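Undergrad: Please read through the structure below; I'll follow up with questions.
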Amino acid sequence: NLSTYQPENTFTPTLITEGKTKKIWSTQNENIVLIENKDTITAGNGKRVDEFQNKGVYSTTTNANVSEYLNKNGILVAFKSRESDNSFLAEKLTMFPIEFVVRRRAFGSYLKRHPNVAEGAELPDLVVEMYYKDDANDDPLIEYNPITQIATLFKADEPIETRKPIKTISLEEIGITG
């Protein structure tokens, strides 16, 4: 009966994990995953969620273009190839729990830390921020000291003048060694 025929090499991808903005699927190669970008946008550590048409396509296009550029210039990245408008293949790796945010304009938690800056104001220089991916603590802001190799965590939405450290962590605690 052809309706029940299953070729020997049939592979059914399984969902490994799903986050706010992407899904990660297994592939036939245990060292490669398929990353599917969703049309979801979030703010405030997922407290605000909205759908943005083609956001998954934009995310995949940006990731593919940047990754291909880095690879051409000798910087290794996990990206392997674009698979569809909103998905790509990548090496299966362990994620460092750090999120980088690059700002040209003042929005979000930046405004809470700098209440004297107007929303949407263009910043004189690009601002690069690091956040520790920790949903229980609302992804605290990281200030890293390269001399001591210690990261100090702060609530991302507290004004700089009055904030107090949540805790300090070493690179090893984040999973970065060597």
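The values are calculated or read from the model by the stated rules, or taken from the named source; none is laboratory data. Computed from a predicted model, the values in this text were never measured in an experiment. Neighbour counts are summed over all protein chains in view; Cβ atoms, including those assigned to glycine, are modelled from backbone coordinates with ideal geometry. Each accessible area value is taken on the protein alone, full model and side chains, heavy atoms only, with ligands, DNA and RNA left out. Shrake-Rupley method; radii C 1.70, N 1.55, O 1.52, S 1.80 Å.
Undergrad: Residues in the stretch 121-136 that are over 15 Å from Ile174 (Cα atoms) and in contact with a strand residue (DSSP E or B) (Cβ under 8 Å, 6 or more places away or on another chain): how many?
TA: Within the stretch 121-136, residues that are over 15 Å from Ile174 (Cα atoms) and in contact with a strand residue (DSSP E or B) (Cβ under 8 Å, 6 or more places away or on another chain) number 7.
Undergrad: Which of (1) at pLDDT 95 or above; (2) touching a helix residue (DSSP H, G or I) at 6+ places or on another chain (Cβ under 7 Å); (3) under 28 Å from Pro13 (Cβ atoms) is the odd one out, the single condition Glu119 does not satisfy?
TA: (3)
Undergrad: Suppose we filter the stretch 141-178 for residues that are out of contact with any helix residue (DSSP H, G or I) (no Cβ under 8 Å at 6 or more places or on another chain), open to solvent by 70 Å² or more (accessible area, probe 1.4 Å) and of a type in the set (S, T, N, Q); how many remain?
TA: 3
Undergrad: Please go through the stretch 70-95 and give me each residue that is more than 17 Å from Ser26 (Cβ to Cβ) and not in a strand (DSSP E or B), ordered by number.
TA: Passing the criteria: Leu70, Asn71, Lys72, Asn73, Gly74, Ile75, Leu76, Val77, Asp85, Asn86.
Undergrad: Output the residues belonging to the stretch 79-100 that are more than 18 Å from Lys133 (Cα to Cα) and open to solvent by less than 30 Å² (accessible area, probe 1.4 Å).
TA: Phe79, Ser87, Phe88, Ala90
Undergrad: Find the residue count for the stretch 96-133, including only residues that are touching a residue at least 60 places away in the same chain (Cβ under 8 Å) and assigned to a strand (DSSP E or B).
TA: The number of residues fulfilling the criteria is 1.
Undergrad: What tally of residues in the stretch 152-178 results from selecting those that are outside any loop (DSSP other than H, G, I, E, B), over 21 Å from His114 (Cβ atoms) and of a type outside the set (Ser, Thr, Tyr)?
TA: Looking only at that region, the number is 6.
Undergrad: What are the residues in the stretch 18-37 that are touching a strand residue (DSSP E or B) at 6+ places or on another chain (Cβ under 7 Å), open to solvent by 40 Å² or more (accessible area, probe 1.4 Å) and not β-branched (Val, Ile, Thr), if any?
TA: Lys20, Lys22, Lys23, Trp25, Asn31, Leu34, Glu36
Undergrad: Here's something else I'd like to know. Going through the stretch 51-87 one residue at a time, which ones are touching a helix residue (DSSP H, G or I) at 6+ places or on another chain (Cβ under 6 Å) and in contact (Cβ under 8 Å) with a residue 40 or more places away in the chain?
TA: Asn86, the sole residue that qualifies.
Undergrad: Check Arg113, Arg103 and return the single one that is surrounded by 14 or more Cβ atoms within 10 Å (Cβ to Cβ), touching a helix residue (DSSP H, G or I) at 6+ places or on another chain (Cβ under 8 Å) and farther than 30 Å from Gln28 by Cβ.
TA: Checking each option against the conditions leaves just Arg103.
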